[in-house]
Amino acid sequence: MRSCLRLGMLGTGLAAKLLYLPALKSLERKIQVVACANRTRKKAEQFARLLGGAKVVDTAEELIARPDVQALLISLPIDSQPEYVRMALRAGKAVLSEKPVAPSVAAGKRLLKAVSQCQSPWLVGENYHFMPHVEKLQQWVSSGRLGDLRVVEAVQINKMDHKNPYFHTRWRREPNFVGGFVVDGGVHVAHILGQCVGRPLRVVSRTRRFDPTLGPMDSAVALLEFPDSVLGTWTSCFAGHYRGPVLRLSGSHGYAELDYSRVILVDRAGKTTVFESKADSFAAQFSHFADVVLHGATPRVTPQEALADLALLETITRGK
Ligand SMILES: NC(=O)c1ccc[n+]([C@@H]2O[C@H](COP(=O)([O-])OP(=O)(O)OC[C@H]3O[C@@H](n4cnc5c(N)ncnc54)[C@H](OP(=O)(O)O)[C@@H]3O)[C@@H](O)[C@H]2O)c1
């Protein structure tokens, strides 16, 4: 099948099982997972079984070297990713690597430099980019439906505890990357803020560790100054409860509120428009990756943008 991407999967942990599996199953005609590898081999075998039979190999090196693997989906603990992204790109394989792009901005810059001569496409996984309601908000803002933006508010609050599967990944609770949960989850929100509002020029922040089981910090609050005098606030807390939108934008002509599956616009006449996302953002992201590799489509999320997302979080978690 000429139009089918032959994918190798490095890392078949939680994200692979909970998030990628349904997406990959829905894309069977476009993406074929030909082989996978995971440090604990049993997990790769289980994943291959659930997917309906991919080859299981023992090491990343073996996976990358396989001639039938055209592209790699790399989904490892954050600090392990750069080494394998570099290895795969240098071997001439296309790469979709999970967010954040690297364990720190400095490591991210080193990685970008190390692969700057590689010709194969490299996308950083940012599934929020592929949520239709996020795109809708971006369109509303850029077409002036909110008028001039005045203030924006980003809020990411989740109670991270033993009931959440990600709590049990030790690499998150004892992180070898900046910011722990605040950064791991926060880059998504930084990305949609970057898309809809832009990048802040100045940041003042404070961080806290309320729950000692959550690593070096679990909360951060920041004041953000954007171009055109737009003001913003940022709130991250992985040790508290909340119910409400992740982004609120207030402009001279209207107000918008975004949560994880829908966006609402209230115009100055008080008319409310609601737009819901039903599509699987991972399926959209993987399908786009296949289009980039197979048909030369322009990547929608570049490593440079992912580095900017990480840079905002790294600044916020510095607490200055
Ligand atoms: N976009 C999203 O919404 C989203 C959501 C969740 C996660 N993620 C990202 O996905 C990545 C993985 O997260 P996760 O929650 O799936 O973590 P996870 O459950 O710990 O999965 C990572 C897997 O990588 C394996 N591994 C580690 N080092 C390896 C190596 N050198 N070679 C082969 N396999 C290796 C681990 O094997 P063991 O079984 O031996 O530990 C584990 O199964 C992270 O970058 C995370 O930020 C993204």
message: Based on the alpha carbons, how large is the Rg to Rh ratio for segment 1-128 when Rh follows Kirkwood?
response: 0.94
statement: The relative contact order of the chain, taking Cα pairs under 8 Å that sit 6 or more residues apart, comes to a percentage of 20 percent
C-alpha long axis of helix 41-51 to longest principal axis of the chain, angle in °: 80 degrees
message: Using the Kirkwood formula on the Cα atoms of the chain, what hydrodynamic radius do you get, in angstrom to one decimal?
response: 20.4 Å
- request: Could you state the angle between the C-alpha long axis of helix 81-90 and the longest principal axis of the C-alpha atoms of the chain, as a value from 0 to 90 degrees rounded to the nearest 10?
  value: 60 degrees
- prompt: According to the square roots a ≥ b ≥ c of the eigenvalues of the Cα gyration tensor, what is the shape class of segment 65-196, taking rounded for a/c under 1.5, prolate for a/b larger than b/c otherwise, and oblate for the remainder?
  reply: oblate
query: When the Kirkwood radius is taken over all Cα pairs of segment 122-240, what Stokes-Einstein diffusion coefficient follows at 25 °C and 0.890 mPa s, in µm²/s?
result: 158 µm²/s
task: Quick one: order LYS99, LYS43 by neighbouring beta-carbon count within 10 Å, fewest to most.
output: LYS43, LYS99
- prompt: Taking a 29 Å limit on the Cα-Cα distance, which of the listed pairs LYS25/LYS93; LYS109/LYS136; LYS55/LYS109; LYS43/LYS163; LYS30/LYS113; LYS17/LYS93 fall beyond it?
  reply: LYS109/LYS136; LYS55/LYS109; LYS30/LYS113
- prompt: Can you give the convex hull volume per residue for the Cα atoms of segment 197-246, as a whole number of Å³?
  reply: 85 Å³
statement: Restricted to the chain, the DSSP antiparallel beta bridge percent, nearest 5, is 55 percent
task: Quickly work out the ILE157-to-ARG145 label distance, labels modelled 7 Å from Cα along the C-beta direction, and quote it in nm with one decimal.
output: 2.7 nm
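None of the figures in this text is laboratory data; all of them are computed from the coordinates on show. None of these values were measured; they are calculated from a predicted model. Cβ: placed from backbone, ideal geometry, glycine included. Neighbour counts: every protein chain shown.
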